[in-house]
Amino acid sequence: MAKKSQTEKLCSLEEAISRFVPDGVSVAMGLQLESMIPFAAGHEIIRQDKRDLTLIGPISDILFDQIIGAGCAKKVVAAWVGNVMMGSAYNFRRAIEDGIPRCLEIADHTNFTIALALHAAALGVPFLPTYTAGGSSLFSRNHGLAEFEAPFTGEKMGAVRAISPDVTIVQAQRADAFGNAHVWGNLGASPDAARAAKHVIVVAEEIVEPKVIASDPNRTVIPGFLVSAIAEVPFGAHPSPVQGFYNRDNECYREYHKATKTRQEFETWLHDWVTGVKDRKEFLQRLGEDRVNSLKVRKHAWSARADFGN
């Protein structure tokens, strides 16, 4: 069989989700905490009506809530699900308390234990030891956590089982057609999640020439050999921020909180902003040019040049 050209990694977001996020897989998202959450990818998952997904992430903000409300998720492996700015995630609560739109299985983590779980998988080891969460009830609620007697010292420690997502979706500032991605700002657990996953989808604000990526190799957080698909989606993380491109849309989080208190209200919101729009471009048109422009970075802070000559 002939090898596929590396440039075939460049595709539409629709194709990337269709090919690499089948029903029933585990998907890691929201790995950079409150920034660079791949909302465009999550919305495409909803539009394609994916089912029985396991969602993995530390703080997904309202993205997991939207996917849960759309009925796409059967399990959540996370430290927290909610609206960071406003509080409750109403779909998450409805699923847990009332089984609406379906019952949801939960594997409870802290931010640190889920980061350790992804780091263990990235290293290729079955677990990592930790002191965190000792004495808490977390170990009794999560089968991926255990206590043991440490060799050499005999002290009591916790063990965090490795988590290897089927798919990791990472937001990046820029990438080339080979999938090499520059990411800066808060990286969170994204480098480990990319190395731990079977497939990686990169959603980039812009696609640039390989020479741009090669000019700053230390900023290539996600190397192309890990990447299965790369899609160019400007404003792909909105309403979360992308450093150097646009700020957080605080009003969007307020609006979502108000518009999703009941199941009926959420269904209206979902149609207006996800299932009733074709793609991210149409989403931004509905958002409005003035609002989009108001979020763009106005005061740039450029890094100093680095000389990689020899």
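Table for the structure above
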quantity: Scan of the range 94-141 for residues that are in contact with a Ser or Thr (Cβ under 8 Å, 6 or more places away or on another chain) and not small (Gly, Ala, Ser), ordered by number; calculated: Thr110, Phe112, Thr113, Leu116, Thr130, Thr132, Leu138
quantity: Complete set of residues in the range 251-266 that are within 19 Å of Gly42 (Cα to Cα) and touching a residue at least 40 places away in the same chain (Cβ under 8 Å); calculated: Tyr253, Tyr256, His257, Thr260, Phe266
quantity: Only one of Arg280, Arg254 that is in the same structural domain as Ala196 (by TED's automatic domain parsing), surrounded by 15 or more Cβ atoms within 10 Å (Cβ to Cβ), under 22 Å from the mean Cα position of the chain (by Cα) and charged (D, E, K, R); calculated: Arg280
quantity: Residue in the range 163-170 that is surrounded by fewer than 19 Cβ atoms within 10 Å (Cβ to Cβ), under 18 Å from the mean Cα position of the chain (by Cα) and at negative phi present; calculated: yes
quantity: For Gly188: the one exception among (1) modelled with pLDDT of 95 or more; (2) surrounded by fewer than 24 Cβ atoms within 10 Å (Cβ to Cβ); calculated: (1)
quantity: Residue that is nearest to His199 (Cα to Cα), among those in the range 89-100 that are without any contact (Cβ under 8 Å) to a residue 60 or more places away in the chain and not β-branched (Val, Ile, Thr); calculated: Phe92
quantity: Filter result (surrounded by fewer than 23 Cβ atoms within 10 Å (Cβ to Cβ) and either hydrophobic (A, V, I, L, M, F, W, C) or under 17 Å from the mean Cα position of the chain (by Cα) (or both)) within the range 56-73; calculated: Ile59
quantity: Exclusive hit being modelled with pLDDT under 95, farther than 20 Å from Pro191 by Cα and surrounded by fewer than 21 Cβ atoms within 10 Å (Cβ to Cβ), set Ala2, Ala89; calculated: Ala2
quantity: Asp290, sole failed condition from (1) assigned by TED's automatic domain parsing to the domain that holds Val27; (2) among the acidic types (Asp, Glu); (3) at pLDDT below 95; calculated: (3)
quantity: Phe283 modelled with pLDDT of 95 or more and either closer than 25 Å to Ala194 by Cα or part of a loop (DSSP other than H, G, I, E, B) (or both); calculated: no
quantity: In the range 193-229, residue farthest from Leu118 (Cα to Cα) [restricted to those that are surrounded by fewer than 15 Cβ atoms within 10 Å (Cβ to Cβ) and among the small types (Gly, Ala, Ser)]; calculated: Ser215
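Conditions (1) in the same structural domain as Met29 (by TED's automatic domain parsing); (2) in a loop (DSSP other than H, G, I, E, B); (3) more than 24 Å from Val274 (Cβ to Cβ); (4) not β-branched (Val, Ile, Thr), marked per residue:
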{"position": "Arg174", "(1), (2), (3), (4)": "yes, no, yes, yes"}
{"position": "Phe178", "(1), (2), (3), (4)": "yes, yes, yes, yes"}
{"position": "Trp184", "(1), (2), (3), (4)": "yes, yes, yes, yes"}
{"position": "Lys211", "(1), (2), (3), (4)": "yes, no, yes, yes"}
{"position": "Val221", "(1), (2), (3), (4)": "yes, no, yes, no"}
{"position": "Ala231", "(1), (2), (3), (4)": "yes, no, no, yes"}
{"position": "Pro234", "(1), (2), (3), (4)": "yes, yes, no, yes"}
{"position": "Pro239", "(1), (2), (3), (4)": "yes, yes, no, yes"}
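The values are calculated or read from the model by the stated rules, or taken from the named source; none is laboratory data. Not measured: the values here are computed from a predicted model. Cβ atoms come from the backbone with ideal geometry, glycine included; neighbour counts cover every protein chain shown.
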